[in-house]
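A.B. asks: I'd like to ask you about the structure that follows.
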Amino acid sequence: MSKVIAFYNNKGGVAKTTTATNVAGVLSLKKKKVLLIDGDPQGHTSLTFGVDSDELQTTLGAYLTSNWSAKKASKYFIKVNDYLDVIPSNQSLSDFIIDVSSEEPKTRNKHLKNFIESVKNDYDYIIFDMAPAVDIVLENIVEIVDDLIVVAVPETYAVKNAETTLKITDDKNVNVRYIVPTKTQLNTKTHKFMLENLREVAQAHNIKMTDTYIPNLIAFSEAVSIYELPLALIEDSRYKNAKKYYEKLVQELGY
Ligand SMILES: Nc1ncnc2c1ncn2[C@@H]1O[C@H](COP(=O)(O)OP(=O)(O)O)[C@@H](O)[C@H]1O
Ligand SMILES: [Mg+2]
């Protein structure tokens, strides 16, 4: 049985995609079978692996619209390595959300559950990179997620959104395991101060903030621009320092 993990915050730009793709990369190097699913119509998950999903027919939205199981779709998955498969998304996921919006919640919220059911024994981890939205995809995730990990930058807007995110997830009784601070600049007073605020937000919702912070390093975006891969999967001595953060995070999360 796979463990279902979702990286979420209802704010954009906080490193959800960077975290989901790097955690998936680290796990694949540990020989864990991972299915990484893009839950955001912007399509950044597959773009991290050099695949522009704009014109693709083989995306999550298309599979859900056609009522395909993940098993049936599996021959079209992007095979990154022996252990990591990726399902891309594009605008068709938004179209799907509109299509099913008039369904009863008990039907509308089961589409992802039905979709992944057929591959739950094929993967150790099914990881969702989420959109910064409170939408039907989130409602579907709530039905299936084992660990929801909130990703947040220690800045005023993102801390506020982390709080909103936790209120939403508290209301839905979702098991949120951690807040992960990202893009941290601990040499600044603002980030040091806001990190404490973020910790208080975590405590107020009875969850832990990870001891692992992902620092603000250009290497994370450079890796994608130059190599079309998440940093975790690149063999380049220049990235030795940056690579250790997501390795440490995976260890701390206990995956
Ligand atoms: N640790 C980091 N240090 C510096 N830049 C980062 C880091 N993590 C992500 N970024 C960059 O920040 C931007 C937003 O990250 P992304 O993962 O796309 O966020 P989200 O999925 O939450 O919108 C991207 O340009 C990405 O390359
Ligand atoms: Mg993203």
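A.B. asks: For the structure I just gave you, tell me whether residue 180 is on the phi < 0 side of the Ramachandran plot, of a type in the set (Val, Ile, Thr) and in a helix (DSSP H, G or I).
C.D. replies: No: the conditions fail for residue 180.
A.B. asks: On the basis of being farther than 20 Å from residue 11 by Cα, among the aliphatic types (A, V, I, L, M) and touching a Gly at 6+ places or on another chain (Cβ under 6 Å), does residue 232 make the cut?
C.D. replies: yes
A.B. asks: What residue, among those in the range 205-251 that are aromatic (Phe, Trp, Tyr) and within 16 Å of ligand 2 (Cβ to nearest atom), is farthest from residue 170 (Cα to Cα)?
C.D. replies: 220
A.B. asks: Among the residues of the range 219-241, write down those that are among the acidic types (Asp, Glu), open to solvent by less than 60 Å² (accessible area, probe 1.4 Å) and part of a loop (DSSP other than H, G, I, E, B).
C.D. replies: Across the range 219-241, the qualifying residue is only 236.
A.B. asks: Would you mention how many residues in the range 1-56 are within 9 Å of ligand 1 (Cβ to nearest atom), within 16 Å of residue 151 (Cα to Cα), assigned to a loop (DSSP other than H, G, I, E, B) and open to solvent by 10 Å² or more (accessible area, probe 1.4 Å)?
C.D. replies: The total comes to 5.
A.B. asks: Then there's this: Can you pull out every residue in the range 138-157 that is open to solvent by 10 Å² or more (accessible area, probe 1.4 Å) and under 24 Å from residue 114 (Cβ atoms)?
C.D. replies: 139, 142, 143, 144, 145, 146, listed by residue number.
A.B. asks: Among the listed residues 211, 171, 147, which satisfies the condition of being touching a Leu at 6+ places or on another chain (Cβ under 8 Å) and among the charged types (D, E, K, R)?
C.D. replies: Within the list 211, 171, 147, the selection yields 147.
A.B. asks: I'm told residue 85 meets every condition in (1) more than 20 Å from residue 138 (Cβ to Cβ); (2) more than 16 Å from ligand 1 (Cβ to nearest atom); (3) open to solvent by 30 Å² or more (accessible area, probe 1.4 Å); (4) of a type in the set (D, E, K, R) except one. Can you identify the failing condition by its number?
C.D. replies: It fails just one condition, (3).
A.B. asks: Under the condition of being open to solvent by 50 Å² or more (accessible area, probe 1.4 Å) and in a helix (DSSP H, G or I), which residue from the range 109-123 is farthest from residue 136 (Cα to Cα)?
C.D. replies: 117
A.B. asks: Hey, can you tell me all the residues within the range 161-189 that are modelled with pLDDT under 95, under 28 Å from residue 243 (Cβ atoms), away from ligand 1 (no atom under 14 Å from the Cβ) and not basic (Lys, Arg)?
C.D. replies: 176
A.B. asks: Can you name the residue in the range 184-218 that is in contact with a strand residue (DSSP E or B) (Cβ under 7 Å, 6 or more places away or on another chain) and among the basic types (Lys, Arg) and is also surrounded by the most Cβ atoms within 10 Å (Cβ to Cβ) among such residues?
C.D. replies: In this case the residue turns out to be 199.
A.B. asks: Can residue 173 be described as open to solvent by 20 Å² or more (accessible area, probe 1.4 Å) and assigned to a loop (DSSP other than H, G, I, E, B)?
C.D. replies: yes
A.B. asks: Residues to consider are 71, 106; find the one that is part of a helix (DSSP H, G or I), open to solvent by 10 Å² or more (accessible area, probe 1.4 Å) and at pLDDT below 95.
C.D. replies: Within the list 71, 106, the selection yields 106.
A.B. asks: Hey, among 169, 165, which residue is of a type in the set (Ser, Thr, Tyr), farther than 17 Å from residue 13 by Cα and in contact with a strand residue (DSSP E or B) (Cβ under 7 Å, 6 or more places away or on another chain)?
C.D. replies: Only one candidate passes the filter, namely 169.
The values are calculated or read from the model by the stated rules, or taken from the named source; none is laboratory data. Everything numeric here is computed off the predicted structure, so don't read it as measured data. Because the Cβ atoms are built from the backbone with ideal geometry, glycine has one as well, and the counts that use them run over all protein chains shown. Heavy atoms of the whole protein, side chains included, go into the accessibility calculation; ligands, DNA and RNA do not. Shrake-Rupley method; radii C 1.70, N 1.55, O 1.52, S 1.80 Å.
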